[in-house]
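The values are calculated or read from the model by the stated rules, or taken from the named source; none is laboratory data. It should be emphasised that the depicted structure is a prediction, and the values quoted were computed from it without experimental measurement. All Cβ positions, glycine included, derive from the backbone under ideal geometry; neighbour counts span all protein chains shown. Just so you know, the surface numbers come from the protein's heavy atoms only, side chains and all, with ligands and any DNA or RNA stripped out. Shrake-Rupley method; radii C 1.70, N 1.55, O 1.52, S 1.80 Å.
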Amino acid sequence: MREPAPQPLPLTKDEQLRAVFENAGIGIGVTALDGRFVEANPRFCEILGYSLEELRTLTFVDVTFPDDIDPTQSELRQLARGDIPSYKLEKRYVRADGRPVWCEVSVTALRREEDGSVFRFIGVIEDITSRKEAEQARDLLAAVVQQTDDAIITKTLDGIITTWNPGAEQIFGYSAHEAVGRSIMLIVPPDQEHDEVSILARLRAGERVSHYETIRRCKDGSLVNVSLSVSPLRDASGRITGASKIARDITHQKRAEREIQAQAEALREMDRRKDEFLAILSHELRNPLAPIRQAAAINATARASDSQRRWANEVIRRQVQTMALLLDDLLDVSRITRGTLQLRGCETNLADVIKAAIETARPLIDARGHRFEVQAPREPVVFQGDPLRLAQVLSNLLTNAAKYTHSGGSIRLLVEANEHSIVMRVEDNGIGIAPDVLPRVFTMFAQAPQAQRHAEGGLGIGLALAKGLVELHGGSIEVRSAGLGFGSTFIVTLPYRAVGVGNGSGRASSASGPQKRRVLVADDNRDAADSLAMLLRMEGHDVRVVYDGVKAIEAIRENPPEIALLDIGMPEMSGYDVARTVRQTFPKEQLRLIAVTGWGQKHDVSRAMDAGFDSHFTKPIDPLSVSALLNSAG
């Protein structure tokens, strides 16, 4: 019979405590009052990455993250004084390999039995790095959701909105209180509802929808272009419970795409018109060469009489003049396009301009047998302008009317003038202009097919040249027509720029001399703003200069000027926005607003007037025009 195996001796109390200490799943460390490590269990050493021998050469300060040293020392001082029995905090240690580790720390003071004095600190630590990283990731995600400009929305599989971030409020106009709990169809236009139904079906199947471009409806009823990315949301078991949607406003992007497409179309159209123009130019230059060659042959023939030679010389002279006029027009248009054409401003009599234009156009008007009527001011109208260029504009319009009006038709020239403007209207009952052609009438080389049949020559640059010359004078030109067969009306509007007239004739400025004005110049192009201000100061005006729209409003409110020249395309606030804001406080009789812009189309002028401007200048601005405007301002 075997003897029973010897039973192990029971552990003493100290041995039991040591076993618990060594095998505990949490880190336990003991330090002296000066912070030196006295003891540490294996888990404590594992968390910090040191051996026990290495730890005994260090203090808690050596292994504590710098930002957490002061809070730890503060707690230990209270513990040593007996103010608190223990403390708990979350802090970072620095491992032996240099990596920080987050720990939840509980520290208790050890006291002597004899007198109750504190002689050791015992700390229990637990690694919570994973939890802290998850919290930080969650906080970061929450910050992104709150601060992003994108709309971030969650919804159930039935389409009920569950969360709605500030980006969604900004894009769609609904507050979170208004949106949460309602159907996502709140922002879906009726004609797009089938798309949302399809997206929800794909989500239920676990699919993700990426960069889907569509249209959504805002609270105010406006539509916004968005790019959607939609992902399914799953619970802990992996079951799909809803969806997360990110919507990015791509309105500006779509507008830019449309603008690029429109520019590409315009370039293609320009290229087509260029080819047509080259063909027309070749035809127009060859036409005079034929009679010139034939007239030269007549001159060279010994049998030609003196009268025949005189006739041949007149043909050559007339055809050479025609070619010269064609080339002059081309050069003028080129100079206007490059911004190098200079006006020769001087004292101009409106009657002389009208007379010179009629003399140029009269031969063609008479040859066609047109009825021609002129209504113009009887009293002299004298103003600042370039008489030759203005006569060229008016003669182009009269010649244009004669070309495109059937023989025996009617042409009227109506001229009006007042203290603000000069308006010249050329009306005809000719072939008219189709609605689709009307916007392109002043475009270079533009000729409608029906116009080409009636033109009897020409390059299609006359109206473009007239527009450029009028705008150099600070004016505008527009065309009206009820359509094909209903005639056309061209209207030239010029700002009246007064000049001093010694003999008292014409319209003189109401003041005895140049008026000194308080002027504000606002333009983000500093060279343009500073140079214009310098010119105005040289004329004695009190000029302030700012370089953006916000500063312009501040300057106007602080010390209102009499006249403000505002660039349209300024940062912070455009000139349109400045004008609208200023007009809420300053009516037109208190402050005159002048738009200065590189855009000079009819709709640009209309937009400026609608915003509250009094006048519109197209860059490059004519200093004489500005000076005359300031001197004539009431």
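Overview of results
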item	result
Answer residue from region 575-585, given it is of a type outside the set (Lys, Arg) and open to solvent by 30 Å² or more (accessible area, probe 1.4 Å) and is nearest to residue 524 (Cα to Cα) among those	577
Unique residue being open to solvent by 40 Å² or more (accessible area, probe 1.4 Å), closer than 20 Å to residue 18 by Cβ and not aliphatic (A, V, I, L, M) when the list is 104, 46, 126, 90	46
Qualifying position, being modelled with pLDDT under 85 and touching a strand residue (DSSP E or B) at 6+ places or on another chain (Cβ under 8 Å), among 345, 339	345
Residue among 173, 159 that alone is touching a strand residue (DSSP E or B) at 6+ places or on another chain (Cβ under 7 Å), at pLDDT 85 or above, surrounded by 15 or more Cβ atoms within 10 Å (Cβ to Cβ) and at positive phi	159
Close pairs from region 601-621: first of a type in the set (Lys, Arg) and modelled with pLDDT under 85, partner open to solvent by less than 90 Å² (accessible area, probe 1.4 Å) and assigned to a helix (DSSP H, G or I), Cβ under 9 Å, at least 6 apart	619/528
Leading residue by the ranking (least open to solvent (accessible area, probe 1.4 Å)) among those in region 176-211 that are under 15 Å from residue 226 (Cα atoms) and of a type in the set (S, T, N, Q)	192
Qualifying residue in region 214-228 (condition: exposed (fewer than 11 other Cβ atoms within 10 Å of the Cβ) and closer than 21 Å to residue 242 by Cα)	no
Segments classed as strands (runs of 3 or more DSSP E), wholly inside region 49-148, with at least 1 members that are of a type in the set (Ser, Thr, Tyr)	86-94, 100-111
Complete set of residues in region 78-103 that are over 17 Å from residue 40 (Cβ atoms), more than 51 Å from the chain's Cα centre (by Cα) and either at pLDDT below 90 or of a type outside the set (Lys, Arg) (or both)	78, 79, 80, 81, 82, 83, 84, 85, 86, 87, 89, 97
Test: residue in region 113-129 that is within 28 Å of residue 88 (Cβ to Cβ), touching a Phe, Trp or Tyr at 6+ places or on another chain (Cβ under 6 Å) and of a type outside the set (D, E, K, R)	yes
Residue match in region 498-509 (condition: at pLDDT 90 or above, under 25 Å from residue 595 (Cα atoms) and either open to solvent by 20 Å² or more (accessible area, probe 1.4 Å) or under 39 Å from the mean Cα position of the chain (by Cα) (or both))	no
Some residue of region 463-475 being in a helix (DSSP H, G or I), at pLDDT 90 or above and not acidic (Asp, Glu)	yes
Selection within region 539-558 - open to solvent by less than 40 Å² (accessible area, probe 1.4 Å), touching a helix residue (DSSP H, G or I) at 6+ places or on another chain (Cβ under 9 Å) and in a loop (DSSP other than H, G, I, E, B)	541
